[in-house]
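Report on the following structure.
The values are calculated or read from the model by the stated rules, or taken from the named source; none is laboratory data. Note that the coordinates shown come from a computational prediction; the quantities given were computed from them, not determined experimentally. Here the Cβ is made from the backbone with ideal geometry for all residues, glycine too, and neighbour counts use every protein chain on show. The protein model used for the area step is the full one, side chains on, heavy atoms only, and it has no ligands, DNA or RNA in it. Shrake-Rupley method; radii C 1.70, N 1.55, O 1.52, S 1.80 Å.
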Amino acid sequence: ASNAPAAAESASVAERCPGRRPYHTVLTATGSNYQQWQARIMYYHWKKHSDAGGACSDMAAFTRLCATPGGVPDGLQDEIPTLFTVELSAGVLAKHF
């Protein structure tokens, strides 16, 4: 029953927005300063266009998948919805890529 409110909200949006095809945008990144800057710019423009579409926007969700040493948060998680993962070592990259 814990999904009941979410299911009711989804049904309501589906009724108000026939033909809506929501999708989830995933940005892969590292925690480098340059990629943090790029992620901020991308999320700003994604949010701007998502908001412009209103409740019927197909742009339903955004997640930054960020690889950092040890999977440690890089500080941007309060600005951009983010999941962290452990960055591959140089040795692993050299061996497999």
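Structure data summary
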quantity: Surface per residue (accessible, 1.4 Å probe) for the chain, Å²; calculated: 70 Å²
quantity: Whole-Å semi-axes of region 26-67's equivalent ellipsoid (Cα gyration tensor); calculated: 23, 11, 4
quantity: Residues whose placed amide H lies under 5 Å from that of Ala67, excluding near-sequence neighbours; calculated: Ala29, Thr30, Gly31, Thr85
quantity: Share antiparallel - DSSP beta bridges, the chain, percent rounded to 5; calculated: 0 percent
quantity: Simple Cβ-charge dipole of the chain, Lys/Arg +1 and Asp/Glu -1, about Cα centre, in debye nearest 20; calculated: 240 debye
quantity: The chain - Kirkwood radius from inverse mean 1/r over Cα pairs (Å); calculated: 15.6 Å
quantity: Nearest-ten-degree value, helix 33-52 long axis tilted from longest Cα axis of the chain; calculated: 10 degrees
quantity: Carbon and sulfur %, accessible surface of the chain computed with the full protein complex present, 1.4 Å; calculated: 59 percent
quantity: On Cα atoms only, tilt of 4-16 relative to the major axis of the chain in degrees; calculated: 70 degrees
quantity: Mean separation of Cα contacts under 8 Å (6+ apart) over length of the chain, as relative contact order %; calculated: 27 percent
quantity: Under 14 Å, Cβ to Cβ, from Cys66 - net charge with Lys/Arg +1 and Asp/Glu -1; calculated: -2
